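Here, each number is a calculation from the coordinates, and none is a lab measurement. Source: prediction; values computed, not measured. Every residue, glycine as well, gets a Cβ built from its backbone with ideal geometry; the counts of neighbours run over all protein chains shown.
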């Protein structure tokens, strides 16, 4: 299939996760992505290892940089900077996630480059924006989670602030950046003009909390109160949560507590007929429910609740998930081959276009792998 972004040239001046994940999604949808890297060092994610490496680079780097080309260049060198400006003049999209002011010092900020490429869509990720007392703080995911209030939504009331176990701020910001890029590309198709797209990790993670933050803003400034028992949402009442069973865990979503009492044959729950009690007295309700659910296995409870269309689920680990038919039919795993011929498994793009999944088996590039080829293709040697 012809992918929707084929023919577009993207220059990526970014590292770690937010910018590279945005450029990855553009590459998945067919864009040509050239990653601009510092010679001898490159994207910091090349060395941020969780214990697995491929071709001398972290597996983390490979997960977010497949199907890209690497151009190694010292941006502080005037001659190299001239080459980069030539590339920018031919690009459709530029993605960068440097600290505020870095690209301006190089003369590569939006106001500078739009003068010679007015059709460019220039996309920036910062940690906290360009103004305010935090603009120079490190734009690191855990720090943003901590400052945004997000960590007070996870875990039980007696637990300390609990972060997500993954870089959620980076990933959400990357997704928001892609949304802005696509919107500007649509606008460019109408009037030929590019545009500046800006997101910050902080703004993205605040938007991620839009439901509960809206509650706070309209509730007299009352802070969310995590439940003391099986808390899964700071504002939702019982039975919402995950409970241990005789052999595992079961997740219960929103639903009538009275209906649940009858289905589970738990008469103690019938004392809480007022729906307001399900929120106000959620801890005592969840204690009763939790003790009752320990009497049978997860599958035994599911066999009762699912036929009644009560919203529930088993709680899987990744091993459970990948061996289940519901996962296998999605064909989410693809095999990617590195430039040195090493094969590894990763996830594909989650988007389908015209019923087709967007696979691409070309792995991430070695640092500077395409420098010579790109200089020849774009006649950069003569710069």
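So the values come out like this:
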{"item": "Residue 73 being touching a strand residue (DSSP E or B) at 6+ places or on another chain (Cβ under 7 Å), crowded, with 21+ Cβ neighbours inside 10 Å and within 21 Å of residue 183 (Cα to Cα)", "result": "no"}
{"item": "Top-ranked residue of region 48-60 - restricted to ones that are under 24 Å from residue 372 (Cβ atoms) and out of contact with any helix residue (DSSP H, G or I) (no Cβ under 7 Å at 6 or more places or on another chain), ranked as surrounded by the most Cβ atoms within 10 Å (Cβ to Cβ)", "result": "55"}
{"item": "Top-ranked residue in region 345-366 [being surrounded by 14 or more Cβ atoms within 10 Å (Cβ to Cβ) and touching a strand residue (DSSP E or B) at 6+ places or on another chain (Cβ under 6 Å); ranked as farthest from residue 328 (Cα to Cα)]", "result": "365"}
{"item": "Members of region 236-276 found to be over 19 Å from residue 298 (Cα atoms) and touching a residue at least 40 places away in the same chain (Cβ under 8 Å), listed by number", "result": "236, 237"}
{"item": "Close pairs (6 angstrom Cβ cut-off, 6 or more residues apart or separate chains): more than 20 Å from residue 34 (Cα to Cα) in region 45-68, assigned to a loop (DSSP other than H, G, I, E, B) anywhere", "result": "54/338; 54/342"}
{"item": "Matching entry among 186, 121, 144 (being closer than 30 Å to residue 89 by Cα and in contact (Cβ under 8 Å) with a residue 60 or more places away in the chain)", "result": "121"}
{"item": "Region 167-179: number of residues that are farther than 10 Å from residue 125 by Cβ, buried (at least 19 other Cβ atoms within 10 Å of the Cβ) and over 8 Å from the mean Cα position of the chain (by Cα)", "result": "1"}
{"item": "Some residue of region 125-136 being within 17 Å of residue 19 (Cα to Cα) and in a strand (DSSP E or B)", "result": "yes"}
{"item": "Tally of residues being within 30 Å of residue 4 (Cα to Cα) and in contact with a strand residue (DSSP E or B) (Cβ under 9 Å, 6 or more places away or on another chain) across region 300-326", "result": "1"}
